[in-house]
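J.: One structure, as structure tokens, below. Some questions next.
Read-outs throughout are calculated quantities, based only on the coordinates presented, and are distinct from any laboratory measurement. Model, not experiment: these values are computed from the prediction. Cβ placement follows ideal geometry from the backbone for every residue including glycine, while neighbour counts extend to all protein chains displayed.
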Amino acid sequence: MMQGQVIRVIAGFYDIESKGVEYRTRARGNLRNEGISPVVGDIVNFEPNGFLNEVCERKNSLVRPKVANVDQAIIITSLKEPKYSSLLLDKFLAIIEFNNIKPIIVFTKADLTDETHLEEYKVQGYDAFEISNPNELGFETLRGIFKDKLSVFTGQTGAGKSTTINSLAGLNIKTQEISKALGRGKHTTRVVEIIDWFGGKLIDTPGFSSLEFNLTKLELAHSYQDFRSLSRECKFRTCIHNKEKICAVKYAAEDGKISKQRYENYLKLLEEAKNE
């Protein structure tokens with residue numbers, strides 16, 4: 001028995017990497033009977049003769065794309081074209097943090113505007129970067145965050161995911177040619193797969209990874225790291241930081257420890273969240 005990581009799922013086959021070697025396997029019938037479907041990123045036990053026997057416990061998972069054991073999510077957020085939206089960014093942060101994944105915020109198109117939101121998120125404890133594709137501002141620093149991590153890109157549609165990947169890889173080519181230049185197979189761009197990426201691994205997705213917001217109100221209330229730590233001081237464990245009288249998160253918003261915009265965004269997302 002060997003252990004490895006699922007790096008690709010194609011038509012019922014699970015490609016597993018173990019100690020630098022790839023193995024193509026099929027799942028044992030007992031996994032199907034138990035309703036277990038291995039996904040990209042899973043750590044699995046398998047036999048080199050072609051059978052995947054067991055999926056190890058996941059530290060986290062996402063539904064779209066279907067991936068597991070992600071270390072960090074790179075949230076691509078445009079400062080202009082499309083217009084910057086703190087509400088959309090905070091929505092992505094809620095989903096990612098609830099799933100126990102470290103968020104890293106990357107503001108793109110910094111060359112198109114003097115607007116900046118870097119410090120307001122850094123002061124809240126987030127790793128945040130600004131980049132500009134034309135002059136490669138910030139790319140050298142950004143390349144250093146991937147070492148020994150399994151990363152995935154997500155964020156705002158039109159914010160420049162493909163262009164950012166292109167520039168990070170040092171490719172001065174059309175975005176549709178990125179797959180070929182990065183050595184991906186002709187047919188693999190339609191599947192989720194793990195590729196080597198600046199000393200770490202990147203979950204490469206066929207389209208832009210737009211995460212689904214399906215949190216309950218209580219899950220949202222405990223998603224943000226700063227809200228989570230403050231909520232220990234709330235009177236009720238089921239506090240959703242809205243109309244409760246004794247609420248540490250509300251007090252922090254009133255005192256300016258949590259920004260007014262962030263709390264207002266939270267209340268808007270609370271309306272969108274499910275009751276249970």
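J.: Using 0.36 nm per residue of separation minus the Cα-Cα distance, give me the extension gain between GLN124 and VAL21 in nm, one decimal.
T.: Separation in residues times 0.36 nm, less the Cα-Cα distance, equals 33.0 nm.
J.: Something else now. Treating only the Cβ atoms of Lys and Arg (+1) and Asp and Glu (-1) as charged, compute the dipole magnitude of the stretch 62-204 about its Cα centre; round to the nearest 20 debye.
T.: It comes to approximately 740 debye.
J.: A follow-up question, please. May I ask you to list the aspartates and glutamates whose Cα is less than 12 Å away from that of LYS149, ignoring any residue fewer than eight positions away on the same chain?
T.: Answer for LYS149, where 12 Å is the Cα cut-off: ASP71, ASP196, listed by chain and number.
J.: Express in nm, to one decimal, how much length is gained between GLU264 and GLN3 on full extension, taking 0.36 nm for each residue of separation and deducting their alpha carbon distance.
T.: Additional length available on full extension: 89.3 nm.
J.: Right, next: Going by a ≥ b ≥ c, the root eigenvalues of the Cα gyration tensor, does the stretch 62-204 fall in the rounded group (a/c under 1.5), the prolate group (a/b larger than b/c) or the oblate group?
T.: Taking the square roots of the gyration eigenvalues as a ≥ b ≥ c, the stretch 62-204 is oblate.
J.: Springs between alpha-carbon atoms under 10 Å, Gaussian network over the chain: tell me which of LYS217, LYS102, LYS245 tops the mean-square fluctuations.
T.: LYS245
J.: OK, next. For ILE36 and THR163, compute 0.36 nm times the residue count separating them, minus their Cα-Cα distance, and round to one decimal in nm.
T.: 42.1 nm is the gain from fully extending ILE36 to THR163.
J.: Looking at the chain, send over the antiparallel percent of its DSSP beta bridges, to the nearest 5.
T.: 55 percent
J.: Cα centroids of the stretch 51-73 and the stretch 232-276: how far apart, whole angstrom?
T.: 31 Å
J.: Okay, moving on. If you line up the long axis of helix 86-98 against the longest principal axis of the chain, both from Cα atoms, how many degrees apart are they, to the nearest 10?
T.: 60 degrees
J.: Now a separate question. Tell me, rounded to the nearest percent, the portion of alpha carbon pairs in the chain spaced more than 31 Å apart.
T.: Tail of P(r) above 31 Å: 34 percent of Cα pairs.
J.: Would you mind giving the three semi-axes, in whole Å and largest first, of the ellipsoid equivalent to the stretch 1-97 according to its Cα gyration tensor?
T.: For the stretch 1-97, the semi-axes come out at 34, 14, 11 Å.
J.: Going by Cβ distance under 4.7 Å, what cysteines of the chain have no possible disulfide partner?
T.: Cys with no partner Cβ under 4.7 Å: CYS56, CYS247.
J.: Going highest first, how would you order 53-65, 25-37, 72-84 by mean Cβ packing within 10 Å?
T.: 72-84, 53-65, 25-37
J.: Once you've got the Cα coordinates, tell me which of LYS66/LYS260; LYS102/LYS122; LYS217/LYS257; LYS102/LYS245; LYS59/LYS80; LYS122/LYS274 are over 25 Å apart.
T.: Exceeds cut-off: LYS66/LYS260; LYS102/LYS245; LYS59/LYS80; LYS122/LYS274.
J.: One-quarter of the Cα convex hull surface for the stretch 2-57, in nm²?
T.: 3.4 nm²
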